[in-house]
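Trainee: Provided herewith is a single structure, encoded as structure tokens, for subsequent inquiry.
The values are calculated or read from the model by the stated rules, or taken from the named source; none is laboratory data. Note that the structure is a prediction, hence the values are computed from the model and not measured. Here the Cβ is made from the backbone with ideal geometry for all residues, glycine too, and neighbour counts use every protein chain on show. Keep in mind that these areas ignore ligands, DNA and RNA; they rest on the heavy atoms of the full protein, side chains included. Shrake-Rupley method; radii C 1.70, N 1.55, O 1.52, S 1.80 Å.
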Amino acid sequence: MKKLLLFFLFVPICIWSQSNFEKGEKLFQSKKYDEAQVIFEGVLKSKPLDIKTMEYLGEIAAHQKAWVKGAEYFKKLKELKPAEADYYFKYGGCLAMRATEVNKIKAFTMVDDMKQAFEKAIVLNPKHVQARWALIEIYLQLPGILGGSESKAIGYSNELAQFSPVDGYLSRGRIEEYFKRYTLAEKNYMKANEIGKSKVTFQKLYNLYLNKLKDPKKAQELKRKFDTQ
């Protein structure tokens, strides 16, 4: 009798959690993040280790630029599912964005955790594109004395080229542009655009012409070709 009573008490809680979870999903998909957050936080109270609910809350925190809260959710998620590469990547991403908001000394103390998270994402998913892009940015923007390294950035760019030629050329173009080697950047962005023919590849080359090479004629010609393709 006691077990039967517990069953009838427990089942309504499960149904409530499920129905509210679905409401939260619909709100999230409609980009009503504040409303979805309230729903998901309620679900998490009744199911404190629910992976998907925590993932939604982490994503919402990121949309709201609440990087500390987002990092907390993704840190918990990578502990619960240590074989999931994206949780490490998103944890590192929240730390990286938080680092842009704090003073340089505080930011530098966060670098090792960022690198470890992105490197772990690559170990778990050897074709993780975003994690390599993140590491390229870290090695470009860190001063040499604190671990910045053009050669390491190039290394990750070369890895990208092995399984995503477009990202390989784009990332190499980014490195050349960062060091103001604009002619070399142009060559790499052109190759990326020839392969990708996407808005992203177009925009990189267009911005280079317009803002760095100061060549509006080339920029407009590129835009004309892109608009008619």
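Trainee: Could you give the nm distance between label points at Lys180 and Lys218, where each point is 7 Å from its Cα heading toward the beta carbon?
Mentor: 1.7
Trainee: Which value, in debye to the nearest 20, describes the size of the charge dipole of the range 49-208 about its Cα centre when Lys and Arg Cβ atoms bear +1, Asp and Glu Cβ atoms bear -1, and nothing else is charged? Display every interim value, and only then the final one.
Mentor: Details: 25 positive and 19 negative charges, 47 e Å.
Result for the range 49-208 is approximately 220 debye, rounded to the nearest 20.
Trainee: Rolling a 1.4 Å sphere over the protein heavy atoms, what is the accessible area per residue of the chain, to the nearest Å²? Working shown, then result.
Mentor: Working: 13660 Å² over 229 residues.
With all protein chains present, the chain gives 60 Å² per residue.
Trainee: State the extension gain, in nm to one decimal, for the chain segment bounded by Glu22 and Gln116, taking 0.36 nm per residue of separation less the distance between their alpha-carbons.
Mentor: Details: separation 94, 0.36 × 94 = 33.84 nm, distance 3.43 nm.
In short, 30.4 nm is gained.
Trainee: Now a separate question. Over all directions, average the projected area of the Cα convex hull of the range 39-119 and note it in nm². If you can, show how the numbers build up before the last one.
Mentor: Details: hull surface 20.6 nm².
Average of the hull's projected areas for the range 39-119 equals 5.2 nm².
Trainee: Need the full-extension length gain, Phe108 to Lys31, defined as separation in residues times 0.36 nm minus the C-alpha distance. One decimal, nm. Provide the component values of the computation, followed by the final result.
Mentor: Values: separation 77, 0.36 × 77 = 27.72 nm, distance 3.34 nm.
Gain on extension, Phe108 to Lys31, equals 24.4 nm.
Trainee: Here's a follow-up. For Leu210 paired with Thr100, estimate the spin-label separation in nm (one decimal), with each label point 7 Å from Cα along the Cα-to-Cβ line.
Mentor: With each label placed 7 Å out from Cα toward Cβ, I get 1.9 nm.
Trainee: By how many degrees, between 0 and 90 and to the nearest 10, does the Cα long axis of helix 129-141 differ from the longest principal axis of the chain?
Mentor: The angle comes out near 60 degrees.
Trainee: Still on this model: So how tilted is helix 150-163 from the main axis of the chain? Cα-based, degrees 0 to 90, rounded to 10.
Mentor: Result, in degrees: 70.
Trainee: To continue, here is another question. State the percentage of accessible surface on the chain attributable to carbon and sulfur atoms; use a 1.4 Å probe and exclude ligands, DNA and RNA.
Mentor: On the way: 7870 of 13660 Å².
Here it works out to 58 percent.
Trainee: Once the piece of chain linking Asp227 and Val123 is laid out straight, how much longer is it, given 0.36 nm per residue of separation minus the C-alpha distance between them? Let's see the in-between values first.
Mentor: Values: separation 104, 0.36 × 104 = 37.44 nm, distance 3.97 nm.
Going from the current span to full extension adds 33.5 nm.
Trainee: Among (1) 80, 47, 33; (2) 54, 36, 36; (3) 45, 42, 31, which is the computed Cα extents along the principal axes in Å?
Mentor: (1)
Trainee: Taking the chain as the reference, fit the longest principal axis to its C-alpha atoms, fit the long axis of helix 165-178 to the helix C-alpha atoms, and give the angle between the two in degrees, 0 to 90, nearest 10.
Mentor: That helix lies at roughly 70 degrees to the long axis.
Trainee: In the range 91-114, whose amide N lies under 15 Å from the spot 7 Å out along Cα-to-Cβ of Lys152? List them in ranges.
Mentor: So the set is 108-114.
Trainee: Still on this model: Picking from Phe89, Leu208, Pro126, whose Cα lies most toward the positive end of the charge dipole for the chain (charges on Cβ: Lys, Arg +1; Asp, Glu -1)?
Mentor: Value computed over the given set: Leu208.
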